[in-house]
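The values are calculated or read from the model by the stated rules, or taken from the named source; none is laboratory data. These numbers were taken from a predicted model, which means no experiment stands behind them. Cβ atoms come from the backbone with ideal geometry, glycine included; neighbour counts cover every protein chain shown. Accessible surface areas use protein heavy atoms only, side chains included; no ligands, DNA or RNA. Shrake-Rupley method; radii C 1.70, N 1.55, O 1.52, S 1.80 Å.
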Amino acid sequence: MKLQQLRYIWEVARHDLNVSQTAEWLYTSQPGVSKQIRMLEDELGVQIFLRSGKQLTSVTPAGEAIIALAGKILAETDNIKRVAKEHSDHRRGSLSIATTHTQARYVLPPVIKTFAAKYPDVSLHMHQGSPMQIAELAAKHNVDFAIATEALELFDNLVMLPCYRWNRSIIVPPAHPLTKVKKLTLKDVADYPLVTYVFGFTGRSQLDEAFRREGLVPKVVFTATDADVIKTYVRLGMGIGIVATLAYDKDEDTELVALDASHLFANSITKIGFSRNTMLRGFMFEFIHLFAPHLTRELVEKAMAAPDKESVEALMRDIELPTH
C-alpha cells in the first residue's frame with residue numbers, strides 16, 4: 001500500500017468518480033490513476049469502486065470506510081509537513097479561507113491587510129461560496145478555515161468558534177416613506193416588496209423566522225448572494241432591501257439610507273471553523289486572533305482539545321462577543 005494510492009482514491013471520490021478530472025488535478029495520467037487504484041484493490045482484496053466498463057459508477061461500502069481512513073491518513077501527512085515547516089520557517093507558508101461574499105467584502109479586508117503586512121511570505125487564498133460549498137471545502141481539507149453564519153449544522157465535523165454578533169438594516173432610497181417611521185415594525189417592512197439574500201446566506205433563516213412568528217408572509221421579489229447586488233436592485237426601485245448592517249457604508253452608499261432593524265430580528269453569530277485534526281501553524285493562530293481578538297491561542301487550543309461540539313460550546317458560552 002502506497003501513500004500515492006490513498007491520495008488517488010481520495011481525490012477520485014472528491015472529483016465525483018471522474019478519473020480524468022482527478023488525473024488532471026494531480027498532474028498525472030488517467031491510465032496511471034486507474035492502474036494504481038486496481039493495484040490497491042488487488043492488494044486489499046476488496047473493491048473500492050464499482051464499475052460499468054471502464055467507468056467508475058459508485059463507491060462500495062468497504063470503499064467508503066477505506067476512503068474515510070485514507071482522508072485521515074492524508075490529513076496527518078499534511079500535519080507532518082506543517083510541523084516541519086513550522087520549525088524550519090515559521091513565517092512562510094500558505095493560508096486558505098472559504099467564506100461568503102459579505103465576509104470577504106466587508107469584514108475580512110482590514111484583517112487580511114494587517115495579516116499580510118505581518119506575514120508577507122504567507123500566500124493567501126480565498127474561496128467564496130454558499131455555506132454548503134464552504135462546509136464541503138473544509139470537510140475535504142481543501143481550505144484551512146471556514147467562516148460562515150448560516151447552515152452551521154453542516155459544519156459539525158469542524159471546531160467552530162464564535163467571532164462576532166451582527167444584525168440587519170433595512171435599506172431604502174432617501175425619500176422612501178419608511179424613513180418617516182420612528183420605529184419600524186415587521187408589518188411596516190412586509191408592506192413593501194423585499195430584496196434580500198438567497199435562503200441559506202448571511203442570516204436569511206433568522207429573517208424568515210421573524211416574519212413567520214408574526215404570521216406575516218413577506219413579498220420577496222428578488223434574492224441574491226451578494227449585498228452589493230441587493231443594493232443595486234434597491235437603487236433600481238425593485239423594493240426595499242434587507243442586508244447585514246455591516247454591508248452598508250454611508251460614505252459609499254450615498255444613494256441609500258440604512259434604517260435600524262436590530263429590534264426586529266434576532267442577532268446572528270459568525271463563526272470560524274477548522275478541522276479538529278488539523279495542526280494549526282503559528283500564523284494561523286494569529287489570523288484567528290486578528291479576526292476575533294477574544295480567540296487567543298490558549299483558548300483555541302483548549303477548544304481543539306475538547307472532545308465534542310458540546311464541550312466547545314460550553315467553553316465559549318461565557319465569552320462576550322463583539323458586535324459588528
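Residues of the range 197-221 that are modelled with pLDDT under 85 and either of a type outside the set (A, V, I, L, M) or in a loop (DSSP other than H, G, I, E, B) (or both): Val198, Phe199, Gly200, Phe201, Thr202, Gly203, Arg204, Ser205, Gln206, Asp208.
Being among the basic types (Lys, Arg) and part of a loop (DSSP other than H, G, I, E, B) is the filter here; which residues of the range 291-317 pass it? Even if it seems obvious, please write down each step before you answer.
Within the range 291-317, the first condition is being among the basic types (Lys, Arg), and the residues that meet it are 297, 302, 309, 317.
Answer for the range 291-317, where residues must be among the basic types (Lys, Arg) and part of a loop (DSSP other than H, G, I, E, B): just Arg317.
Taking the criterion of being more than 24 Å from Thr323 (Cβ to Cβ) and either hydroxyl-bearing (Ser, Thr, Tyr) or not in a helix (DSSP H, G or I) (or both), the residues of the range 112-121 that qualify are Tyr119, Pro120, Asp121. Whether a residue is part of a helix (DSSP H, G or I), open to solvent by 20 Å² or more (accessible area, probe 1.4 Å) and without any contact (Cβ under 8 Å) to a residue 12 or more places away in the chain was assessed, and Glu41 does not pass this test.
Yes/no matrix, rows are residues, columns are (1) under 22 Å from Ala292 (Cα atoms); (2) in a helix (DSSP H, G or I); (3) open to solvent by 20 Å² or more (accessible area, probe 1.4 Å):
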site	(1), (2), (3)
Ile73	no, yes, yes
Thr77	no, yes, yes
Ser94	yes, no, yes
Val107	yes, yes, no
Pro110	yes, yes, yes
Ala138	yes, yes, no
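Residues that are crowded, with 17+ Cβ neighbours inside 10 Å and assigned to a loop (DSSP other than H, G, I, E, B) within the range 164-180 comprise Asn167, His176, listed in sequence order. For the range 257-314, a residue qualifies if it is among the acidic types (Asp, Glu), open to solvent by 70 Å² or more (accessible area, probe 1.4 Å) and under 22 Å from the mean Cα position of the chain (by Cα), and the qualifying residues are Glu301, Glu310, Glu313. Only one of the numbered conditions (1) within 26 Å of Pro322 (Cα to Cα); (2) buried (at least 17 other Cβ atoms within 10 Å of the Cβ) is violated by Lys183, and that is (2).
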